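Take a look at the structure below.
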Number of protein chains: 2
Amino acid sequence: MSEPLNFDKQNGLIAAIVQDAATKRVLMIGYMNREAFDKTLATRHVTFFSRSRQKLWTKGESSGHFLLLQSIATDCDGDALLVQAQPLGPGVCHDGYESCFYRTFENGSWSESEARAYDPAAVYGAKQ
Amino acid sequence: MSEPLNFDKQNGLIAAIVQDAATKRVLMIGYMNREAFDKTLATRHVTFFSRSRQKLWTKGESSGHFLLLQSIATDCDGDALLVQAQPLGPGVCHDGYESCFYRTFENGSWSESEARAYDPAAVYGAKQ
């Protein structure tokens with residue numbers, strides 16, 4: 001099969017959904033450029049391209065909470081990835097939660113639907 | 001909690017990951033603008049904004065394979081949604097697969113990792 005990934009549609013980036021390979025919980029979404037994709041495969045540590053900082057970042061480089069690559073899939077139009085990973089550490093979210101998707105919409109308003117999994121100040125320092 | 005959704009970061013759009021509420025399989029990713037989000041909540045049929053056609057589209061409007069909204073969560077920076085849904089029909093992908101993520105990367109190349117769930121020509125017509 002020819003290369004299905006299409007980095008042209010979103011200015012060199014594709015969306016990368018990270019799912020816990022064991023529990024199937026969706027943990028986060030980031031964006032990868034070709035370099036981040038290649039580095040993820042080479043190191044088996046999931047690596048993104050930060051749109052705000054305009055550089056590569058390997059999840060866990062600050063916290064030690066790396067995401068160990070298990071498998072990777074792409075979608076029908078090749079502009080998104082589904083990354084199955086094993087999270088090292090109690091949570092992927094820099095706010096202290098297991099998943100970045102910790103707020104749910106119910107009865108017309110948003111609320112936090114779970115407790116923190118760790119203290120982000122202890123991991124990232126007081127300044128985040 | 002104040003409104004966490006941030007439609008400004010991506011030109012009025014936020015990413016919307018759709019996960020099968022029962023099996024936890026990630027089925028697809030689309031994008032929503034505010035109108036699509038509001039329509040999804042109002043109709044309980046997951047609705048996106050098509051970037052290529054520049055208009056709202058309700059998944060299933062052609063195929064009958066609607067996605068029935070079960071719950072909705074947002075991530076820490078409010079530019080993505082995780083939508084739990086019940087898919088009506090055998091698959092969400094217009095290529096005939098249960099999930100749009102039907103190609104996996106193994107041993108250095110991409111391959112289709114599952115069989116089609118339905119015949120897309122029979123659902124969408126010969127021309128897609």
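Please average, across the residues of A:70-79, the number of beta carbons from any other chain that are within 10 Å of each residue's own beta carbon, and give a whole number.
Mean partner-chain Cβ count within 10 Å for A:70-79: 6.
Quick check for me: using +1 on Lys/Arg Cβ and -1 on Asp/Glu Cβ, what's the dipole size of the stretch B:73-128 about its Cα centre, in debye to the nearest 20?
Roughly 300 debye for the stretch B:73-128.
For B:56-68, what's the mean count of beta carbons from other chains sitting within 10 Å of each residue's beta carbon?
Neighbouring Cβ atoms belonging to other protein chains average 0 per residue here.
For label points placed 7 Å from Cα toward Cβ, what is the shortest-first list of nm distances from A:GLU106 to its copies?
Shortest to longest, the spacings are 3.9 nm.
Taking the 0 to 90 degree range and rounding to the nearest ten, how far is the long axis of helix B:34-43 tilted relative to the main principal axis of chain B, both from C-alpha atoms?
70
Using only the alpha-carbon atoms, what does the protein assembly as shown span along each of its principal axes? Please give whole angstrom values in decreasing order.
Cα extents, longest axis first: 57, 47, 32 Å.
Starting from the Cα coordinates of chain B, work out the convex hull volume and express it per residue in Å³.
139
For chain A, what does the helix formula give at 222 nm: sum of -39500 (n - 2.57) over DSSP H segments with n ≥ 4, over the residue count, nearest 500 deg cm²/dmol?
Taking each H run of at least 4 residues, the total per residue is -3000 deg cm²/dmol.
Give the aspartates and glutamates reachable from B:LYS39 as a straight Cα distance under 15 Å; neighbours fewer than 8 places away on the same chain don't count.
B:GLU61
Counting residues in the stretch B:72-128 as N, plug N into 2.2 N^0.38 Å and put the Cα Rg over that result.
Ratio of Cα Rg to 2.2 N^0.38 Å: 1.47.
Less than 19 Å apart at the alpha-carbon level, and either on another chain or at least 8 residues along: which lysines does that give for A:LYS24?
Of all the lysines, those that pass the test against A:LYS24 - Cα under 19 Å, at least 8 places apart if same chain - are A:LYS59, B:LYS24.
Would you be so kind as to identify which of A:ALA73, A:ALA122, A:SER52 lies farthest towards the positive end of the dipole of chain A, taking Lys and Arg as +1 and Asp and Glu as -1 on Cβ and the Cα centre as origin?
Toward the positive end, the furthest listed residue is A:ALA122.
The numbers here are math on the coordinates, done by the rules we state, and not lab data. What you see is a predicted model, and the numbers here were worked out from it, not measured in a lab. Neighbour counts run over all protein chains shown; Cβ positions are idealised from the backbone, glycine included.
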